[in-house]
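The values are calculated or read from the model by the stated rules, or taken from the named source; none is laboratory data. Quantities reported herein were computed from a predicted structural model and do not represent experimental measurements. Here the Cβ positions follow ideal geometry from the backbone for every residue, glycine too, while neighbour counts run over all protein chains shown. Note: accessible area is taken over every heavy atom of the protein model, side chains too, but ligands, DNA and RNA are not part of it. Shrake-Rupley method; radii C 1.70, N 1.55, O 1.52, S 1.80 Å.
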Amino acid sequence: MDTKAFFKLSYGLYIVTSKNNDEESGCVINTMTQVTAEPAQVCVTLNKENYTTQIIQKSGVLNVSVLLDDVSMDTIRQFGFQCGRDVNKFEGIKWDVDQNGVKYLTQESAAMFVCKVNKTVDVGTHLMFICEVLDAKTLDEGEVLTYAAYHDKKNGTTPKNAPSYVEEKDKTGWRCDVCGFIYEGDVLPEGYICPVCKVDASHFHKI
Ligand SMILES: Cc1cc2nc3c(=O)[nH]c(=O)nc-3n(C[C@H](O)[C@H](O)[C@H](O)COP(=O)(O)O)c2cc1C
C-alpha cells in the first residue's frame, strides 16, 4: 500500500475538550467531520488511550475548538503531545465555559461547537463519537489551519495515537519518541531539544 496516499486527504486541526466532575482534558485532533445538517451532527475519532476519550465516555459531552492558521506550536504541544493525566492542559490558556460546563479555547480559535454524544462506534484502536451539535459560535474570522499547512508551514508532526500517523521509514537520523520528529544527521548535536515537542536528546533514538 502507498501510505503516502493518505497525505492527500485534507483535514483541519481542532482541540476537543471534555469534563466529568473534577476530571478534564483536551487533545488535538484532525478527525472532525460534519455528518448531517438536520439535525446538525458531527463526528470525532479519538484514541481509546487518550485521557480526553475516557472523560467523554463518562460525561457524554464534548466541545470542539477550530484552530486558526496562526495557532502557536506551544498550544499544539500542550494539547497534542502531553496527556491531561500528567499536566493541566489549560495552564496559561485563555478559555471560557460552554453550557455543559466544558472549557473551550477563546484564543487561536475560529469557532467552537458544543456537542452531546449520540452514538459511539468502536473502530478498534479508536472510538468514533457521533455527536449532536447543541450550539456553535464563530469566534474569529481569520484563516483556519489545515493539516497540510500544519505539516508544510509549521513543520508539525503527528504522534502515534493519531489515526493519520504514518511511520516515515525512508528517513535516517534520530527520531523523537514523543512526537516522531526526525533529525536527519549522523550525530545528534550536544544538548539537542526537539523543535516540535521540546523534549531533550534522551527521547531520541537512532533510526
Ligand atoms: C497534529 C495532531 C493530530 C492529532 N490527531 C488526533 C486524532 O485525530 N485523534 C486522536 O485520538 N489523537 C490525535 N492526536 C494525538 C492527541 O492529541 C494526543 O495523544 C494528546 O496528547 C492526548 O491528550 P489526552 O491524553 O490528555 O487526551 C493528534 C495530535 C497531533 C499533534
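One line per residue, one yes/no per condition, for (1) away from the ligand (no atom under 13 Å from the Cβ); (2) charged (D, E, K, R); (3) farther than 20 Å from residue 155 by Cβ; (4) surrounded by fewer than 18 Cβ atoms within 10 Å (Cβ to Cβ):
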site	(1), (2), (3), (4)
24	no, yes, yes, no
37	yes, no, yes, yes
46	no, no, yes, no
86	no, yes, yes, yes
92	yes, no, yes, yes
102	yes, no, yes, no
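Applying the set (1) more than 16 Å from the ligand (Cβ to nearest atom); (2) in contact with a Phe, Trp or Tyr (Cβ under 9 Å, 6 or more places away or on another chain); (3) assigned by TED's automatic domain parsing to the domain that holds residue 98 to residue 207 leaves exactly one unmet item: (3). Filtered by the rule that a residue be within 28 Å of residue 74 (Cβ to Cβ), aliphatic (A, V, I, L, M) and in a loop (DSSP other than H, G, I, E, B), the range 122-156 gives 139, 145.
Every condition in (1) loosely packed, with under 14 Cβ neighbours inside 10 Å; (2) basic (Lys, Arg); (3) within 16 Å of the ligand (Cβ to nearest atom) holds for residue 198 except the one numbered (1).
Within the range 183-194, identify whether any single residue is within 11 Å of the ligand (Cβ to nearest atom) and without any contact (Cβ under 8 Å) to a residue 24 or more places away in the chain, and answer yes or no. Scanning the range 183-194, I find no residue that is within 11 Å of the ligand (Cβ to nearest atom) and without any contact (Cβ under 8 Å) to a residue 24 or more places away in the chain, so the answer is no.
Here residue 108 does not qualify as open to solvent by 60 Å² or more (accessible area, probe 1.4 Å) and in the same structural domain as residue 23 (by TED's automatic domain parsing).
Taking strands (runs of 3 or more DSSP E) that fall entirely within the range 29-116, which contain at least 2 residues that are in contact with a Ser or Thr (Cβ under 8 Å, 6 or more places away or on another chain) and on the phi < 0 side of the Ramachandran plot? Answer list for the range 29-116: 41-47, 61-67, 95-97, 103-105. Looking only at the range 124-142, decide whether some residue is among the aromatic types (Phe, Trp, Tyr) and more than 11 Å from the ligand (Cβ to nearest atom). No, the conditions are met nowhere in the range 124-142. Of all the listed residues (10, 18), the sole one being within 15 Å of the ligand (Cβ to nearest atom), on the phi < 0 side of the Ramachandran plot and open to solvent by 40 Å² or more (accessible area, probe 1.4 Å) is 10. When the range 60-84 is limited to residues that are away from the ligand (no atom under 13 Å from the Cβ) and open to solvent by less than 30 Å² (accessible area, probe 1.4 Å), the one that is nearest to the chain's Cα centre (by Cα) turns out to be 66. Of the residues 154, 160, the single one that is open to solvent by 70 Å² or more (accessible area, probe 1.4 Å), under 18 Å from the mean Cα position of the chain (by Cα) and not assigned by TED's automatic domain parsing to the domain that holds residue 24 is 160.
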